[in-house]
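Below you'll find the structure, written out as structure tokens, and then a few comments.
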């Protein structure tokens with residue numbers, strides 16, 4: 001189960017979502033650590049491995065599901081101890097099944113529980129013994145640790161599901177020797193009929209104003225150092241140092257970067273030097289040597305917002321390039337700043353976020369939607 005344990009890693013400039021769970025690694029002694037599971041099917045168990053390689057790690061005992069009494073175990077920088085009468089319910093098969101489910105969940109695909117409930121729906125629509133057998137097999141394909149949660153009913157847990165897939169006269173797998181009588185079976189059928197009715201009456205959970213996540217793939221705006229404007233700049237035009245003059249308060253600056261650094265200082269000479277610098281890097285160097293304006297750290301994001309609005313308002317061709325990114329997440333590299341750049345997932349990516357904001361404003365203008373002042 002993913003729960004609230006959400007993490008990610010960067011791969012080829014894109015953020016790959018993931019989650020984690022506790023596990024023991026056996027490397028001589030035993031080590032309590034975190035097992036990171038990612039949507040692309042890679043698992044970090046002291047090194048990224050594929051699902052197939054992870055299974056081999058399980059079978060070999062590198063990822064440990066057997067905890068021998070008396071073995072040394074360590075939690076790095078926290079504690080060390082010996083196992084004393086350890087008890088674990090995990091097996092390689094069970095942990096592998098749970099990891100497979102987690103990868104499905106991270107990708108928004110049906111997991112083993114979803115597949116079981118779909119098979120149950122098919123059986124209820126056409127209650128043949130063949131369909132029951134399919135539903136029963138799907139039920140037992142759910143990791144044993146997760147079966148209790150399959151119906152989301154913490155009072156009855158998975159009892160109605162067990163009874164339904166077993167059928168009248170069948171022996172319950174969880175209670176050897178006990179068979180399902182007709183009354184129990186009729187109650188299970190009634191349970192699912194009532195459940196279906198409640199699900200049909202449940203209001204839609206799709207947000208009324210559109211999806212919460214972007215539909216277009218993320219776009220990585222890599223660092224570049226353009227010297228002059230191009231007739232076909234592509235996404236390089238979305239970089240702040242791209243030569244696109246912006247008029248701000250009566251002054252024209254060769255690029256957003258020139259304007260940003262010039263406005264960052266109250267020193268008139270440094271401001272002029274940044275404005276007149278031939279290259280964006282030289283503008284930064286000229287302004288960085290001067291003292292920042294008071295309150296600049298708190299105001300800089302607002303200043304950048306205004307500069308980006310000016311750039312794309314004053315350059316319709318560049319606005320078209322920004323709009324062509326659809327609703328993609330924009331990942332902006334900026335090696336000199338963890339505030340403005342994403343920088344391999346370690347930065348705040350404010351430039352990328354503000355570009356998305358300006359893009360939304362341009363779309364609102366196109367649609368004739370005027371936000372309230």
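Tabulated data
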{"read-out": "Total residues in region 272-283, condition assigned to a helix (DSSP H, G or I) and either out of contact with any strand residue (DSSP E or B) (no Cβ under 7 Å at 6 or more places or on another chain) or more than 22 Å from residue 228 (Cα to Cα) (or both)", "value": "8"}
{"read-out": "Members of region 291-309 that are buried (at least 19 other Cβ atoms within 10 Å of the Cβ) and in contact with a strand residue (DSSP E or B) (Cβ under 7 Å, 6 or more places away or on another chain)", "value": "307"}
{"read-out": "Candidates 194, 209, 104 - the one that is at pLDDT below 95 and either assigned to a loop (DSSP other than H, G, I, E, B) or buried (at least 19 other Cβ atoms within 10 Å of the Cβ) (or both)", "value": "209"}
{"read-out": "Filter pass, residue 161 being touching a strand residue (DSSP E or B) at 6+ places or on another chain (Cβ under 8 Å), surrounded by 14 or more Cβ atoms within 10 Å (Cβ to Cβ) and not assigned by TED's automatic domain parsing to the domain that holds residue 60", "value": "no"}
{"read-out": "Residue 260 being touching a residue at least 24 places away in the same chain (Cβ under 8 Å), closer than 24 Å to residue 10 by Cβ and assigned by TED's automatic domain parsing to the domain that holds residue 328", "value": "no"}
{"read-out": "Filtered residues of region 137-183 (kept if part of a helix (DSSP H, G or I) and within 19 Å of residue 95 (Cα to Cα))", "value": "137, 138, 139, 140, 141, 144, 145, 146, 147, 148, 149"}
{"read-out": "Selection from region 284-314 of residues that are within 37 Å of the chain's Cα centre (by Cα), within 18 Å of residue 274 (Cα to Cα) and not in a helix (DSSP H, G or I)", "value": "292"}
{"read-out": "Residues located in region 107-136, provided they are under 26 Å from residue 197 (Cβ atoms) and assigned to a loop (DSSP other than H, G, I, E, B)", "value": "110, 111, 126, 127, 128"}
{"read-out": "Meets criteria (modelled with pLDDT under 95, within 37 Å of the chain's Cα centre (by Cα) and surrounded by 20 or more Cβ atoms within 10 Å (Cβ to Cβ)) for residue 259", "value": "no"}
{"read-out": "Condition met for residue 318 (surrounded by 16 or more Cβ atoms within 10 Å (Cβ to Cβ), touching a residue at least 12 places away in the same chain (Cβ under 8 Å) and under 31 Å from the mean Cα position of the chain (by Cα))", "value": "yes"}
{"read-out": "Residues satisfying the stated conditions in region 22-79, i.e. part of a helix (DSSP H, G or I), touching a residue at least 12 places away in the same chain (Cβ under 8 Å) and either in contact with a helix residue (DSSP H, G or I) (Cβ under 9 Å, 6 or more places away or on another chain) or loosely packed, with under 15 Cβ neighbours inside 10 Å (or both)", "value": "51, 54, 55, 58, 59"}
{"read-out": "Residue in region 139-155 that is modelled with pLDDT under 90 and either surrounded by 15 or more Cβ atoms within 10 Å (Cβ to Cβ) or within 30 Å of residue 317 (Cβ to Cβ) (or both) present", "value": "no"}
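The values are calculated or read from the model by the stated rules, or taken from the named source; none is laboratory data. Predicted model, so just to flag it, every value in this text is computed and none were measured. Every residue, glycine as well, gets a Cβ built from its backbone with ideal geometry; the counts of neighbours run over all protein chains shown.
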